[in-house]
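One structure below.
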Amino acid sequence: MAAALLRHALAAQPEPLRSLPVISAGVSARSGERMTEHSITALKKAGIDATRHSSQLLTQEMLDRAVLALCMTESHRNMIEATAHPQPKNLHLFRDFMAPGERHEIADPYGGPLQIYEITRDEMVEAIPSLIAHLKTRIAPRERS
């Protein structure tokens, strides 16, 4: 859901952010699996069609090429830091750029009811403006020079 939401938000931004590739990969994903029906429904309610999404396992190459690598929980971040060589310099939680005092982890809704997926979606949506603001500091100045 996070990649679909971020991709959707970036599509409304000026270049070069609009063209920034957003890739979804999991630390323990099985490649080729479909998104859960609750994820598809939660995104559809936000106007996003994610029916073509399929999962893939996170690779070192993805981390090496990423402008920003985002994860949902500290345990995900710890798993990546323990297995990546070299460790990614730009590894953050999805909500890391929000104001101090905000909860930064986003719990995995897998197996829960649709309402939990919608809460998770809304936590991601809430973080997107701060993510885009951070990306503007990383991408836009470099592309203009």
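The values are calculated or read from the model by the stated rules, or taken from the named source; none is laboratory data. Source: prediction; values computed, not measured. Methodologically, a virtual Cβ is constructed for each residue, glycine included, from the backbone with ideal geometry; neighbour enumeration extends over all protein chains shown.
Assorted remarks:
- Checked against the criterion of being free of Cβ contacts under 8 Å to residues at least 40 places away in the same chain, within 17 Å of Ala3 (Cα to Cα) and outside any loop (DSSP other than H, G, I, E, B), the stretch 97-108 has no qualifying residue.
- Selection status of Gly112, assigned to a loop (DSSP other than H, G, I, E, B) and at positive phi: no
- Selected residue (only one of Ala133, Ala140, Ala99 is at pLDDT 95 or above and over 27 Å from Thr36 (Cβ atoms)): Ala133
- Note on the stretch 67-89: residues that are without any contact (Cβ under 8 Å) to a residue 40 or more places away in the chain and within 15 Å of the chain's Cα centre (by Cα) amount to 4.
- Ala133 meets the conditions (1) part of a helix (DSSP H, G or I); (2) closer than 20 Å to Leu43 by Cα; (3) of a type outside the set (Lys, Arg) in every case but one. The failed one is (2).
- Residue in the stretch 41-55 that is under 20 Å from Leu135 (Cβ atoms) and assigned to a helix (DSSP H, G or I) present: no
- Test result for Ala29, surrounded by 16 or more Cβ atoms within 10 Å (Cβ to Cβ), in a loop (DSSP other than H, G, I, E, B) and aliphatic (A, V, I, L, M): no
- Of all the listed residues (Leu93, Leu114), the sole one being surrounded by fewer than 16 Cβ atoms within 10 Å (Cβ to Cβ) and touching a His at 6+ places or on another chain (Cβ under 6 Å) is Leu114.
- Hits in the stretch 58-70 - residues which are touching a His at 6+ places or on another chain (Cβ under 8 Å) and more than 21 Å from Gly32 (Cβ to Cβ): Leu68, Ala69, Leu70
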